Each structure stands twice: as C-alpha cells, then as structure tokens.
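> Below are the structure tokens for one structure; questions will follow.
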Amino acid sequence: MSDATLQLATPSLAPPRATPPRLGFLGTGWIGRHRMQAIAADGCATVAAIADASPDAAAQAADAVPGACVVGSLDALLDLELDGLVIATPSALHAPQAIAALERGCAVFCQKPLARTAAESRRVVDAARAADRLLGVDLSYRHTAGARAVRDLVREGALGAVYAVDLVFHNAYGPDKAWFRDPALAGGGCVIDLGIHLVDLALWTLGWPAVRRVDGRLYAQGRALADPARQVEDHAVATLELATGATVRLACSWHLSAGQDAVIEAAFYGTEGGAALRNVDGSFYDFVAQRFRGTARATLAEPPDAWGGRAAVAWARALASGARFDPDVERIVEVAAALDGIYGRAEVGP
C-alpha cells in the first residue's frame, strides 16, 4: 500500500459498545499477565477468559482478575464468542493463532513479533482486513513519553533533515525460555527479540520512509553465525539505508558485558540538531529524552513514566470505541521486511 493511500485511509468504525468488550488472554506469562492487568485496571474492557499451556500460570492470572474463567485452548476461547483476544505465546504461534481468531471475527492484540517473517506478517494483516477486525501489535516503546517527544520534534522539522539514526539495545541477560534459541520457534535471536522495537521506533519517528537497502551481520558467542537454521544470533549489527538518504545503524545483543542491565538508545541527528531517547542507569523501564544543539542539551521527558501497558490499553480502548481494521497496521509488514533484510531472508527496496 502506498504512503498516500495510508495517509488517506482511516479505521472503519462500528457504533461504540454499550458494554465493555469481552477479552480473552492466550498466554499469561509475565508479559501476558502484565498486559491483562493494565487493561483490567483501565476498565476499558472485561477480562472474560484465560488460557495458557501452563495450568499454574493460568490459575495465577485468573486469581488477579476475579470473574475470568480458565479454559484449555485457543478453540475454547474462541467458542466463547469474545470481542478480542490478547496473544502472548511463543513467536511461531502468533501468526496461526491470530489468523484463527480473526477468521472467527475476533479482534487481536499480539505480542511482538506479529510473525517470524514479512510473509507471515502479511498473511495476518490480510486476515484482519478481510475480517474487518482491529489488529494491534505490542510495539510498546512508541508509547513512552520520551519517544513521542522525540517523534514530535522530528515530524515538526525541528531537527532539520535527519540524516543519521543510531539504535542500540544490549540486554545483559538474554531470554529465559528455551524456545527463544530455536530458530524455527523464534524466527531469529536478539534482532527479532530486541532490535524489532528500535527499527519500528525509528521508522515510526521518521514518518515511515521506504527502506532501500539493508546490510546485516549476525554473531553467536563472538563468531559469525554459521548456520541460521540451527542457531540464533546473540549479537548483531546492521545498516539500513532509507529513501530519504538517512542511514540507520543498529546494534543489539544478549549477554553483553556493558556494566549494567541494559543499554537502550534511539538517537536522531539532523542538519539543525539532534534528539535521543536513552535508558537511565541501565533500566529497562526508565527513559530520558533530550534535544541537542551543538554541545548543549535540554530534557524533553524523564521518569516516572508508566508506559508498559499503554499499547494494550490503547488497543482495548479503540476496540471499545468501535474501531475495526486500521490500515496503519500495514506498517508492521514494513518493519518485518527490514528484519528479513538483516537476516538475509529477502531483498529490500526496489
């Protein structure tokens, strides 16, 4: 879909609901439970049902939201004729589970990545369009106050022509579940786990310029990744060349000795100044945003900022207001295509 089409298109709307939408939650590990509690606390939707491969996890989640029933499968959730489904399962399951829900007329909010590849992501988006149902993806860094302040400066032209973007996401620990290290289940390693957030954030901030060329280098335990079908990367560097002429540089990793829990940064440099979102003292949750003019800097946003559940709440509120398919979700396919380029899975650009 062209930029012009996306700018003109608007989400289709049904009349606002007389009662809050009834939601099901598929997967209630830490992330799934956190999003569930955020929506429940907001009151924009009702937590109606829960399913998880772990009965203990499902029971713990149900204890936090009295009135929700526990069922044993996705099919059992969909048989309840829910209004929406929140998916927080292993990545390989996202696309088939989302498509199954959408084809049953159920809106979907899915953990990132929506799918392992751009082709899989396209199938999910096409299913949402065919069903005319709201589809959201938990790319939550867009919802930090700092990221929005930086985006506003860029979109207003306050930084001039942005020509360089530096993205960094180093996690000192790495994931704690075995499936993250299985290429078939995860779709990749630290790039699809961490880098996806910052690639999305950069393209969103810049107004979705086309990605013309991508070059990626993947490593495992300090050596070039030998067999991506058998091993995932724990360190990666990549360069994205944009249609605007800007260059985006990405570095991300698991288990990097950086002297703190995490290093997270998205910095934008233009002809009239710069701006950056950076984590504070190694935190995964606290961010400061600053504007740069030469050697001077000014703070745009700083903690506290309880942003973790905002993407899920925004989706649930939109669902409650009657929103159906939103064409802006097409952008998720563009992000997935950029990641495919980093992984060498597909050509990017014309």
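Each value in this text was obtained by applying a stated rule to the coordinates, not by laboratory testing. Keep in mind that this is a model prediction, so the values were computed, not measured. With ideal geometry, Cβ positions are generated from the backbone for all residues, glycine too; neighbour counts draw on all protein chains shown.
> Taking only C-alpha pairs under 8 Å that are 6+ residues apart, what is the relative contact order of the chain in percent?
Reported as a whole number, the value is 22 percent.
> Pulled fully out, how much extra length does the chain show between Ala59 and Ala130, if you take 0.36 nm times their separation in residues and subtract their Cα-Cα distance?
Between Ala59 and Ala130, full extension yields an extra 22.1 nm.
> Could you tell me how many degrees, from 0 to 90 and to the nearest 10, lie between the Cα long axis of helix 118-131 and the main elongation axis, the longest principal axis, of the Cα atoms of the chain?
40 degrees
> Turning to a different aspect of this structure: Among the DSSP beta bridges whose two residues both lie in the range 163-284, what percent are antiparallel, rounded to the nearest 5? Let's see the in-between values first.
Values: 31 of 39 bridges.
Antiparallel: roughly 80 percent of the beta bridges in the range 163-284.
> What's the center-to-center distance, using Cα atoms, between the range 132-188 and the range 276-329 in Å?
About 10 Å separates the Cα centre of the range 132-188 from the one of the range 276-329.
> For the range 145-306, what is the charge dipole size about the Cα centre, in debye to the nearest 20, if Lys and Arg each add +1 at the Cβ and Asp and Glu each add -1 at the Cβ?
In debye, rounded to 20, the range 145-306 gives about 400.
> Further, regarding this structure: Using helices alone, what [θ] at 222 nm do you get for the chain, with -39,500 (n - 2.57) per DSSP H run of 4 or more residues, divided over all residues and rounded to the nearest 500?
-9500 deg cm²/dmol
> Full-extension gain between Ala224 and Ala178, please, as 0.36 nm times their residue separation minus the C-alpha to C-alpha distance. It would help to have the intermediate numbers written out before the result.
Numbers: separation 46, 0.36 × 46 = 16.56 nm, distance 2.13 nm.
Between Ala224 and Ala178, full extension yields 14.4 nm more.
> Sticking with this structure for a sec: Could you give the length gained by full extension between Ala161 and Val280, i.e. 0.36 nm per residue of separation minus their alpha carbon distance, to one decimal place?
Taking 0.36 nm per residue and subtracting the Cα distance, the gain is 40.1 nm.
> So for each of 291-304, 88-101 I average, over its residues, the number of other beta carbons within 10 Å; can you give me the resulting order with the highest mean first?
On the way: 291-304: 12.6, 88-101: 21.4.
Order by mean packing, descending: 88-101, 291-304.
> Oh, and also: With a 10 Å cut-off between alpha carbons and a GNM built on the chain, which of Gln231, Gln221, Gln37 moves the most?
It is Gln221.
> How many percent of DSSP beta bridges within the chain run antiparallel, rounded to 5? Can you show the working numbers first?
Details: 44 of 71 bridges.
Antiparallel bridges: around 60 percent, rounded to the nearest 5.
> Could you tell me the center-to-center distance, by alpha carbons, between the range 204-234 and the range 69-131 in angstrom?
Centre-to-centre distance over Cα atoms comes out at 26 Å.
> Here's a follow-up. Taking the Cα centre of the chain as origin, sum charge times position over the Cβ atoms of Lys and Arg (+1) and Asp and Glu (-1), and report the length of that vector in debye to the nearest 20. Please list the in-between numbers first.
On the way: 32 positive and 39 negative charges, 90 e Å.
Roughly 440 debye for the chain.
> If you don't mind, there's one more thing I want to ask. Calculate one ³J(HN,Hα) per residue across the range 303-309 by plugging θ = phi - 60° into the Karplus curve 6.51 cos²θ - 1.76 cosθ + 1.60, and present them in order as whole Hz with x for glycine and proline.
x, x, 7, 7, 9, x, x
> For the range 145-306, what is the relative contact order in percent, using Cα pairs closer than 8 Å and at least 6 residues apart in sequence? Please list the in-between numbers first.
Details: 368 pairs, mean separation 50.6, N = 162.
It rounds to 31 percent for the range 145-306.
> Report, in debye and to the nearest 20, how large the dipole of the range 34-175 comes out about its Cα centre when Lys and Arg carry +1 and Asp and Glu carry -1 on their Cβ. Could the numbers behind the result be given before it?
Working: 12 positive and 16 negative charges, 114 e Å.
That gives a dipole near 540 debye.
> Starting from the amide H of Ala323, placed 1.01 Å from N in the peptide plane, find each other amide H under 5 Å away whose residue is 5 or more places distant or on another chain.
Ala14
> Let me ask something else. Quick one: helix 145-156 against the long Cα principal axis of the chain, what's the angle to the nearest 10°, folded into 0 to 90?
60 degrees
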